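The values are calculated or read from the model by the stated rules, or taken from the named source; none is laboratory data. Keep in mind that what you see is a predicted model, and the values were worked out from it rather than measured. Because the Cβ atoms are built from the backbone with ideal geometry, glycine has one as well, and the counts that use them run over all protein chains shown. Keep in mind that these areas ignore ligands, DNA and RNA; they rest on the heavy atoms of the full protein, side chains included. Shrake-Rupley method; radii C 1.70, N 1.55, O 1.52, S 1.80 Å.
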Amino acid sequence: MNECLLNSFPKMNKRDSQKQKTHSNLLESALQLMGEEKGLGDLSLREVTANAGIVPAAFYRHFKSMEELGLHLVEECSDRIQMIVGDARLKGAYRSALQLTIGYFFDYVTNNRSLFRFIARERTGGNRKIRENIREAMRMIARELAKDMRMPKLISKEDTSFASELIVSICFQMASDYLDLETNEHLEMRKIKVQTIKQVRLVFIGTIRGRKHKHR
């Protein structure tokens, strides 16, 4: 099961525990059925509930619709990546925090291929509300990332915001390319990680140089 679907919860009674387990099973079932090729719109509620081992009527105890299920998947992914950014900040000084973040990000993508494939597909998919939520999730991740780039003497708040959003966009695009590789193509995977780090560094350097140029 995907790491992001195994969040820790407060101590629950047996009924609540079972409800949470079913909730997670529905999310996981949808991801399994989508696999590498299908989008959320290709799935039926009956397919998802059958794969999760529950009757269709029970679905509505957890989600109002398949769209809401998709929105929960977006939220799970967004929350986890924001945690990754925060953890990287705690483990490295600002000069290495971005590189650490990218490393942890690709580890997350590797361990949650189905979930991130869903995000990559739905980012340009047919459901407008899910697309909007993915864009908002990326902005939230960028705001968290911006905390690693706050160097007032070098970069303005406006430039920091722009650069962090560009970095998140780069990472999401490179992750899509990463997922197109077979799981045994380790050399190509490493190349994509290195390319991502180089692109992020160029954004960072360009932002600082642009700031210096403005103040000449």
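Where residues in segment 62-121 are part of a helix (DSSP H, G or I) and of a type in the set (K, R), which of them is nearest to V200 (Cα to Cα)?
Going through the qualifying residues, I end up with R95.
Check off (1) at pLDDT below 90; (2) exposed (fewer than 15 other Cβ atoms within 10 Å of the Cβ); (3) not aromatic (F, W, Y) for A58 and give me the number that stays unchecked.
(1)
Run E37 past the list (1) open to solvent by 80 Å² or more (accessible area, probe 1.4 Å); (2) assigned to a helix (DSSP H, G or I) and report the number of the one that doesn't hold.
With respect to (1) open to solvent by 80 Å² or more (accessible area, probe 1.4 Å); (2) assigned to a helix (DSSP H, G or I), E37 is out only on (2).
Filter segment 132-158 down to the residues that are modelled with pLDDT under 95, farther than 19 Å from V85 by Cα and outside any loop (DSSP other than H, G, I, E, B) and list them by number.
E158
Kindly indicate the residue of segment 1-19 that is assigned to a helix (DSSP H, G or I) and either aliphatic (A, V, I, L, M) or within 13 Å of H72 (Cα to Cα) (or both) and also modelled with the highest pLDDT among those meeting that condition.
Here the residue is L5.
Any idea which of G103, G125 is surrounded by fewer than 20 Cβ atoms within 10 Å (Cβ to Cβ), of a type in the set (G, A, S) and either closer than 12 Å to A175 by Cα or in contact with a Pro (Cβ under 9 Å, 6 or more places away or on another chain) (or both)?
Selected residue: G103, the only one of G103, G125 that is surrounded by fewer than 20 Cβ atoms within 10 Å (Cβ to Cβ), of a type in the set (G, A, S) and either closer than 12 Å to A175 by Cα or in contact with a Pro (Cβ under 9 Å, 6 or more places away or on another chain) (or both).
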